[in-house]
Amino acid sequence: MRRSDIWVAIEDLKVFQIRELVDYLHREWDFLPKSQVKKKVWTSIQSWIKDGLIVRVYKEPPIFAHSEHKSNWKEIYKNKIKFCSHCGKPFIPRSPNQKFCHRKLCDRDRQLLKKKNFKRKPRWKEEEVKLLWETFGLKGFSKEKAEELSQKLGRSVTAIKEKYRELRRATQCV
């Protein structure tokens, strides 16, 4: 990747965050690790800031603009501004999936929502383990039997397969 490739991408984007520029370049340079693309982008941007070709227009998260667009960067970037799901205030997201701004109350709401949606895996009961071992034992795992057992126990075939592997390992150690 050449610095000229990075400059062409900057001219296309006009106003950008580092992540956006790296994602833009990584589409073409996907055979390179993203970390390598980011490192090359960052060193190029630092030198261009010193030369005055690029300007940092927003502090947190860092947003950069081509020097020709430093006065109207907000108009160019306005379609990327989101509104917080908690307080409704506008903010500039650090990632495309971000839904909450960085205010303490909103961050706390995000954490509570995350905690509320978290589901614990139910522990295996002794009867379930016995039924599993009776079904498969040392004979081996079969998908058909696992599907029948998943209906009885209310567990996924994957969960049954993992538990069976765990039991097999335990019997091999003893």
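Of note:
- Top-ranked residue in the stretch 73-91 [being among the hydrophobic types (A, V, I, L, M, F, W, C) and in contact (Cβ under 8 Å) with a residue 24 or more places away in the chain; ranked as farthest from L149 (Cα to Cα)]: W73
- Within the stretch 96-113, the residues that satisfy the criterion of being of a type in the set (D, E, K, R) and either in the same structural domain as Y164 (by TED's automatic domain parsing) or not in a helix (DSSP H, G or I) (or both) are K99, R103.
- The set of residues in the stretch 92-111 that are more than 19 Å from the chain's Cα centre (by Cα) and either surrounded by 11 or more Cβ atoms within 10 Å (Cβ to Cβ) or touching a residue at least 40 places away in the same chain (Cβ under 8 Å) (or both) comprises R103, L105, C106, R108, D109.
- Candidate set from the stretch 22-47 (those that are free of Cβ contacts under 8 Å to residues at least 24 places away in the same chain and within 21 Å of K70 (Cα to Cα)); member that is surrounded by the most Cβ atoms within 10 Å (Cβ to Cβ): V22
- Taking residues in the stretch 1-17 that are farther than 21 Å from I81 by Cα, and partners anywhere that are in a loop (DSSP other than H, G, I, E, B), the pairs with Cβ atoms closer than 8 Å and at least 6 places apart or on different chains are M1/W29; M1/L32; D5/W29.
- Residues that are surrounded by 12 or more Cβ atoms within 10 Å (Cβ to Cβ) and part of a loop (DSSP other than H, G, I, E, B) within the stretch 118-141 comprise W124, G137, F141, listed in sequence order.
- Of all the listed residues (E128, E147, E162), the sole one being over 35 Å from the mean Cα position of the chain (by Cα) and without any contact (Cβ under 8 Å) to a residue 60 or more places away in the chain is E128.
The values are calculated or read from the model by the stated rules, or taken from the named source; none is laboratory data. A quick note: this is a predicted structure, and the numbers were derived from the prediction, not measured. Backbone-built Cβ (ideal geometry, glycine too); neighbour counts: all protein chains shown.
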